[in-house]
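Laboratory data are not the source of any read-out in this text; all were calculated from the coordinates shown. Bear in mind that the values here come from a model prediction, so they are computed numbers and not experimental data. Neighbour counts are summed over all protein chains in view; Cβ atoms, including those assigned to glycine, are modelled from backbone coordinates with ideal geometry.
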Amino acid sequence: MLITELKSKEILDSLTQGKVFIINCHGCKEVSFPEKEAEEFEKALGDKVTGILTTDYVCNIDNLPLRLEKHAAAIEAADTVLVLSCGVGVQTVAEHLPGKRVCAACDTYALPGHQGVTPLEHECDQCGQCYLNITGGTCPITACSKSLVNGQCGGAKNGMCEVDPTMECGWERIMRKLKQVDRLDVLKCPIQLRQYNK
Amino acid sequence: MENYTKYALKPAEQLRELLAQTDDIFVIACNKCFKEFTVLEEPELDAFLAVAKDMGKNVTGSARADFLCNKYIAQKKLPGLIPEGTKAVFVISCGLGIQTIADIVALPVFAASDSINYTGHHGMALTKKACDACAQCYLNITGGICPIVDCSKSLVNGQCGGAKDGKCEVSPDKDCAWEKIQQRLAAQGRLDELKAQAVQIRDYSKVSHKLVAEYVAKIRDLRFAGYYGGVHPSEHKEFSEGKELVTFPAPDIAVIPMAMHLGAPANPVVQVGDYVKVGQMIGEAAGFISAPVHASVSGKVIAIEDRPHANRGMCLSVVIENDGTDTLHESVVPHGTLEDLTPAEIIDIVKNAGIVGMGGAGFPTYVKLMPNKPIEYVLLNGCECEPYLTADHQLLLHYADDVIFGLRAMMKTVDAPKGVIVIEDNKHDAIKLMQEKVAAYDNIEVCVARTKYPQGAEKMLIKRVTGRMVPSGALPADVGCVVGNVSTTKAIADAIKTGMPLTSRITSVTGEYIKNPGNFLVRIGTPAASLVEYCGGITDETATVKAGGPMMGFVQNGLEAPIMKGSNGIIAINTDPSREVACIKCGRCVDVCPMELKPLWFAKYADTENWEGMKAQNVMDCMECRCCEYICSSKIPLVAKIKAGKNAVRGMK
């Protein structure tokens, strides 16, 4: 699941030197689109703006051309097409307008969970070799900063990760869960190797 | 179309190893997401069951689920499904579903599948584009080609030097991303930009656990606020929000439809040539669920015929030529004080005044005032959660005392000890005013609700204020509530205090394509065209015109329809030219459905006219709020399909 944040003012200023056409993608607004910040930024650009398209799912290649049709002249008049969306949307627009300077006004962050508009409390990294059977259902790839698959690194302090002290140690969580379902002996399994070529 | 299926069943020998450890198992399989919705039941469950059977294992039961990682729904449905005596649960899904189930059940949980590895996110449409969400978008310096995803080594400062004939040295079937970047920038004459760039350093600390955890908490809090689901469309109230209420002149010709409510249309009781007065009944109720209709102007009836209607196409209407005298009908006399009136008398007044739900649904209000269960709360919907509309907001500001009077009348009628006026937090002035006004009453309070659509819907309002869930097929009264709209309540106050039946209302004329948006106190039967004309007209001929708000309003092909009892607005908004494409099971409709339904199945079943399937998926619980259609990444007209399903299911009985 993706969310977007507006880039810094300095970067935005450097991107908007000439005339600009703006595409706001509200597809992920339900997740988080910086609507207010975007509006302020766009207002401040004044007559540099040749047009604005506010829509959703810019990444939908079937519908993007239909939506841009009405704005053809405004896009033509712009030096830069500035896209406020995740990286997928920017790339879709760039490919659709190959001759145009297409720029990203946002940075994209990943939140846990693949589907839907509500981020999840768990994450799956699609490692292709599910370890959940030996961990009582807590993922060592995403719950451990180091993605260790054979137990704790030893660096945890008071149950918190040494890499990111705001995060609980994944392997302590795994221990707790296994104790709870009385399956601690599954940890006596052979040493696990992660196959990155999977 | 791409297929982003995220799991595959583990090989049989691995399943055997896992199964050897346990017995008496329950199996849950996720129906897979992010793939074209062609297969209804995925084959992995049967394949797994065959292995278990072969090993002589006792399977206590199995279940299939959509979007298993949706913990809220899984938590509600799952525990009841697992029989006593089950010793372990096997889950066939990606890692998200397995972790979710491991959280919910106290039994050992086994993964019967492996997730399928792929790199990068793909956005909401099933496209090949990928984004790794690096939090430091490089697309500005690369002509829109992603060096993180498209370069095998995710290099951000140019080519590694290993490419041969434009192909990557890591994966020779892949184009070198930096050659593509170079070519695109050259074609755009932007190579100098690239050369002028400072050395790029990727900052891996940008995506910290803290940042992610805070976003997750914030968004989940917003999404689950008050009730499951719902959406947050752009409010767009700014067009008409600050516009002072204008009393719109009575029309020269009033066209008053006989159907402005749910249930049977009223029967005209006047004839062409009759002289009618303001407040005179011109159509009588034609049944229990029906409502009478009154003249909003005085003058001669010049026609009784079918005329355009905002949501019925054509409708029998009484057409009155206004004589401009506003002569009141003799029946329009005050009914006395609230203290002197009995509940039965109030019900009669509301019934005879033709008062119906003015939020748009048009359910006859007097029926709501005769609940067959004890009532604890009368809830007033002052949310106006529809984007653009500001009619109820204006009503609260101008008729606060009448709203409270009407609420007290309702509370007296249904013998409710508590009254709550719910207002969304985007109407600060109305909240402040109402809080001051209700201070005088111990049994009335103002509830400030965080904005979320469709908060104003009865069941959502009840859940938000009382925490009670109205069961499937049940009514608000079943959980001790009566819900009314603030405009309706004001109409009740008018009917009691002045005797005037429902002959006028406040409506917003707004949207980006209305020249001068505004809010108007307008007589029922006023042509929409004259209001729009007063507002300077519609500035773009491609605009979509709707009677009502953008979510639940009805698309109009012209402006011939008149203002009716439920007309809370006329809007002219942007038209989205996009077309319906195939469902990709993104699951967003399930995430937003406030009734906790699975709208993707309605689309699937409507296309094959599988009405039994529709019924089994509880289509009758749908209130057509349009959240699913709003969020649909494939632009599927879900509400039309749901309506077809509901009609067919009604026909089955």
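What the table below lists for this structure:
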{"item": "Table column - 3J(HN,Hα) (Hz), the range B:104-118, Karplus curve with 6.51, -1.76, 1.60, x for Gly and Pro", "result": "7, 9, 8, 8, x, 10, 10, 8, 9, 9, 10, 5, 9, 6, 8"}
{"item": "Semi-axis lengths, Å, the range B:257-333, gyration tensor of Cα atoms, sqrt of 5 times eigenvalues", "result": "21, 15, 10"}
{"item": "Descending semi-axes in whole angstrom, ellipsoid equivalent of the range B:534-652, from the Cα gyration tensor", "result": "29, 17, 12"}
{"item": "Options B:Gly123, B:Ile28, B:Phe554, ranked by Cα towards positive dipole end of chain B, top entry (Cβ charges)", "result": "B:Ile28"}
{"item": "Radius 15 Å from Cβ of B:Cys176, net charge of other residues (Lys, Arg +1; Asp, Glu -1)", "result": "0"}
{"item": "Dipole magnitude (debye, nearest 20) for the range B:588-652, charges at Cβ of Lys, Arg, Asp, Glu", "result": "120"}
{"item": "Summed side-chain charge close to B:Gly313 - residues other than B:Gly313 whose Cβ falls under 13 Å, Lys, Arg +1, Asp, Glu -1", "result": "0"}
{"item": "q = 0.14 Å⁻¹, the range B:343-497: log10 I(q)/I(0) [Debye, one scatterer per Cα]", "result": "-0.60"}
{"item": "Positive-end residue of A:Cys124, A:Gln192, A:Gly27, charge dipole of chain A with Cβ unit charges", "result": "A:Gln192"}
{"item": "Amide H partners (placed H, <5 Å) of B:Ala130, local residues excluded", "result": "none"}
{"item": "Test item: Cα-centred dipole of the range B:480-633, Lys/Arg +1 and Asp/Glu -1 on Cβ, debye", "result": "500"}
{"item": "Projected-area mean, the range B:139-204, by convex hull of Cα positions, square nanometres", "result": "4.5"}
{"item": "Long-range amide H partners of B:Ala65 with built H, under 5 Å", "result": "B:Ala29, B:Cys30, B:Asn31"}
{"item": "Charge dipole magnitude, Cβ of K and R +1, D and E -1 - the range A:62-198, Cα centre, debye nearest 20", "result": "480"}
{"item": "Geometric extent, Cα atoms of the range B:47-201 - Rg, Dmax (angstrom)", "result": "23.7, 71"}
{"item": "Set of aspartates and glutamates near B:Lys643 by C-alpha distance (under 14 Å), chain-local residues within fewer than 8 positions excluded", "result": "B:Asp607, B:Glu609, B:Asp621, B:Glu624, B:Glu629"}
{"item": "Entries of A:Lys7/B:Lys167; A:Lys43/B:Lys218; B:Lys418/B:Lys497 with Cα pairs more than 29 Å apart", "result": "A:Lys7/B:Lys167"}
{"item": "Integer Hz, Karplus 6.51/-1.76/1.60 couplings in order for the range B:571-582, x for Gly and Pro", "result": "10, 10, 10, 5, 9, 8, x, 5, 10, 5, 10, 5"}
{"item": "Partners for A:Lys188 among aspartates and glutamates (Cα-Cα distance below 19 Å; same-chain residues under 8 apart left out)", "result": "A:Glu172, B:Glu17"}
{"item": "Residue-averaged beta-carbon neighbours from other chains (10 angstrom radius) around B:203-212", "result": "4"}
{"item": "In degrees, nearest ten, helix B:177-187 long axis to first principal axis of chain B (Cα)", "result": "60"}
{"item": "Spread of Cα-to-Cα distances over 5 Å intervals beginning at zero, given as percent, for the range A:95-164", "result": "3, 12, 17, 17, 15, 11, 8, 6, 5, 4, 2, 0"}
{"item": "Cross-link reach list, lysines versus B:Lys32, counting only Cα pairs under 19 Å and skipping chain neighbours closer than eight places", "result": "B:Lys6, B:Lys10, B:Lys71, B:Lys77, B:Lys128, B:Lys585, B:Lys598, B:Lys604"}
{"item": "Amide H contacts of B:Ile421 (H built 1.01 Å from N, under 5 Å, at least 5 apart or other chain)", "result": "B:Leu380, B:Glu445, B:Val446, B:Cys447"}
{"item": "Two-site FRET efficiency, B:Glu330 against B:Gln75, from Cβ-Cβ distance with R₀ of 51 Å, rounded to 0.05", "result": "0.25"}
{"item": "Longest to shortest principal axis, alpha-carbon extents of the protein assembly as shown, angstrom", "result": "92, 71, 51"}
{"item": "Diffusion constant of the range A:19-68 at 20 °C, which comes from Stokes-Einstein with the Kirkwood Cα-pair radius and 1.002 mPa s, µm²/s", "result": "183"}
{"item": "Largest-first principal axis extents of the Cα set of the range A:132-188 (Å)", "result": "28, 19, 16"}
{"item": "Charge-dipole axis of chain A as Lys and Arg at +1 and Asp and Glu at -1 on Cβ define it, positive-most pick from A:Gly137, A:Cys59, A:Gln17", "result": "A:Gly137"}
{"item": "Semi-axis lengths, Å, the range A:42-172, gyration tensor of Cα atoms, sqrt of 5 times eigenvalues", "result": "44, 17, 12"}
{"item": "Helix axis angle, B:44-54 relative to chain B longest principal axis, alpha carbon, degrees", "result": "60"}
{"item": "Helix axis angle, A:35-44 relative to chain A longest principal axis, alpha carbon, degrees", "result": "30"}
{"item": "Antiparallel content of DSSP bridges confined to the protein assembly as shown, in %, to 5", "result": "50"}
{"item": "Spin-label pair B:Lys206/B:Thr5, simplified geometry with 7 Å Cα→Cβ offset, distance in nm", "result": "3.5"}
{"item": "Radius of gyration, Dmax [chain B; alpha carbons; angstrom]", "result": "30.0, 95"}
{"item": "Listed residues A:Cys144, A:Cys127, A:Cys106, most fluctuating in chain A (Gaussian network, C-alpha, under 10 Å)", "result": "A:Cys127"}
{"item": "Volume in Å³ per residue [convex hull over Cα atoms, computed for the range B:419-520]", "result": "165"}
{"item": "Over the range B:1-125, volume per residue of the alpha carbon convex hull, in Å³", "result": "109"}
{"item": "Per-selection Rg to Rh, the range A:1-94 - Cα, Kirkwood hydrodynamic radius", "result": "0.93"}
